[in-house]
1. Just a yes or no: is a residue in the range 47-63 in contact (Cβ under 8 Å) with a residue 12 or more places away in the chain, surrounded by 21 or more Cβ atoms within 10 Å (Cβ to Cβ), out of contact with any strand residue (DSSP E or B) (no Cβ under 9 Å at 6 or more places or on another chain) and over 27 Å from residue 262 (Cβ atoms)?
2. What pairs come up if the first residue lies in the range 135-147 and is free of Cβ contacts under 8 Å to residues at least 40 places away in the same chain, the second is surrounded by fewer than 19 Cβ atoms within 10 Å (Cβ to Cβ) and assigned to a loop (DSSP other than H, G, I, E, B), and their beta carbons are under 6 Å apart, counting only those six or more places apart or on different chains?
3. Name the residue that is farthest from residue 263 (Cα to Cα), counting only residues in the range 208-223 that are within 9 Å of ligand 2 (Cβ to nearest atom) and assigned to a loop (DSSP other than H, G, I, E, B).
4. Take the conditions under 23 Å from residue 31 (Cα atoms), more than 16 Å from ligand 3 (Cβ to nearest atom) and surrounded by 15 or more Cβ atoms within 10 Å (Cβ to Cβ) and apply them to residue 170. Does it pass?
5. Go through (1) away from ligand 1 (no atom under 16 Å from the Cβ); (2) surrounded by fewer than 20 Cβ atoms within 10 Å (Cβ to Cβ); (3) more than 24 Å from residue 88 (Cα to Cα); (4) touching a residue at least 24 places away in the same chain (Cβ under 8 Å) for residue 245 and report which single condition fails.
6. Give the range 248-279 a look and list any residue that's in a loop (DSSP other than H, G, I, E, B) and either more than 16 Å from ligand 2 (Cβ to nearest atom) or modelled with pLDDT of 90 or more (or both), or say none.
7. Give the residues of the range 100-145 that are under 21 Å from the mean Cα position of the chain (by Cα), assigned to a helix (DSSP H, G or I) and under 15 Å from residue 160 (Cα atoms), sorted by residue number.
8. Identify all residues within the range 76-99 that are assigned to a loop (DSSP other than H, G, I, E, B) and within 14 Å of the chain's Cα centre (by Cα); write none if there are none.
Ligand code: SF4
Ligand code: SF4
Ligand code: SF4
């Protein structure tokens, strides 16, 4: 008889948080990115900086990222959730066919992760040169937004890019987030307070175990808490998969492992309430 796979409490909570943010706040990432474009345009035009809902969303997400790591990317961004959903479907189909899940860019990913900074620079340069509306209309973000509203696409280029990105997300975990997302580039540059950086107690590890590294959608080598190495914290989505996977509860964010789930729920509630108050 086939053994039924148990669904963990962590997975159930994750799905609930993601569903709420996906349905209620599907455009936070593009709103925040518009905030960045506006600030850069205003600075280059030497105009006085204007505070509006785009800049407000950006500031909330940046501060939240500095305090809690990339919780937004891990759980609350609708585009990230779409990518994880697509990868989940593709890897489930492959498992059913008894094939290993695809991970096409495991090695190249270490270089390709810098591509998102190039994308960020190119997009900002286009905005400075006055192509801001064209960038907005033809971006995969806009096509995703139309798709989310179950409306017909209004740009062939944007739809094509969205389909390409979706195909990439089916092949590689967090393909768009790791390699191409300009908003992800900004988040990855944020400093993260020490209690939100994921580490492990290497001395306590099971010999030859790599479970936490293998499950990591960002393809990171989880750093040791003894090394004081925070170099990968910007690339970490704070998704907690490494924490859920470790058989020895050896991965942590500086706080006892049992606090991870209550903290996760707490972060989700705080971010949700902030946006409820703002909008
Ligand atoms: S990297 Fe970009 S698309 Fe991915 S979760 Fe973060 S903001 Fe969303
Ligand atoms: S899963 Fe746990 S025991 Fe295994 S390498 Fe990672 S931290 Fe160590
Ligand atoms: S699995 Fe762990 S190290 Fe990898 S992105 Fe998620 S939280 Fe960060």
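The values are calculated or read from the model by the stated rules, or taken from the named source; none is laboratory data. Here the structure is a predicted model, which is why all the values come from computation and not from measurement. Cβ placement follows ideal geometry from the backbone for every residue including glycine, while neighbour counts extend to all protein chains displayed.
1. As a first pass, look at the range 47-63 and keep what is in contact (Cβ under 8 Å) with a residue 12 or more places away in the chain: 50, 52-62.
Among the residues that remain, those that are also surrounded by 21 or more Cβ atoms within 10 Å (Cβ to Cβ) are: 57-58, 61.
Checking the rest, the ones that are also out of contact with any strand residue (DSSP E or B) (no Cβ under 9 Å at 6 or more places or on another chain) come to 57-58, 61.
This time we only want the ones that are over 27 Å from residue 262 (Cβ atoms), so: 58.
Checked the range 47-63: at least one residue is in contact (Cβ under 8 Å) with a residue 12 or more places away in the chain, surrounded by 21 or more Cβ atoms within 10 Å (Cβ to Cβ), out of contact with any strand residue (DSSP E or B) (no Cβ under 9 Å at 6 or more places or on another chain) and over 27 Å from residue 262 (Cβ atoms).
2. Final answer for the pair search is 137/155; 138/155; 143/153; 146/153.
3. By that ranking, first place goes to 208.
4. Taking the combined requirement at face value, the residue does not satisfy it.
5. Exception for residue 245: condition (3).
6. Here is the first cut: in the range 248-279, the ones in a loop (DSSP other than H, G, I, E, B) are 248-250, 253-256, 279.
279 - this is the single residue of the range 248-279 that is in a loop (DSSP other than H, G, I, E, B) and either more than 16 Å from ligand 2 (Cβ to nearest atom) or modelled with pLDDT of 90 or more (or both).
7. Selection gives 136, 140, 141, 142, 143, 144, 145.
8. Step one: of the range 76-99, the residues assigned to a loop (DSSP other than H, G, I, E, B) are 77, 97-99.
Matches in the range 76-99: 77 only.
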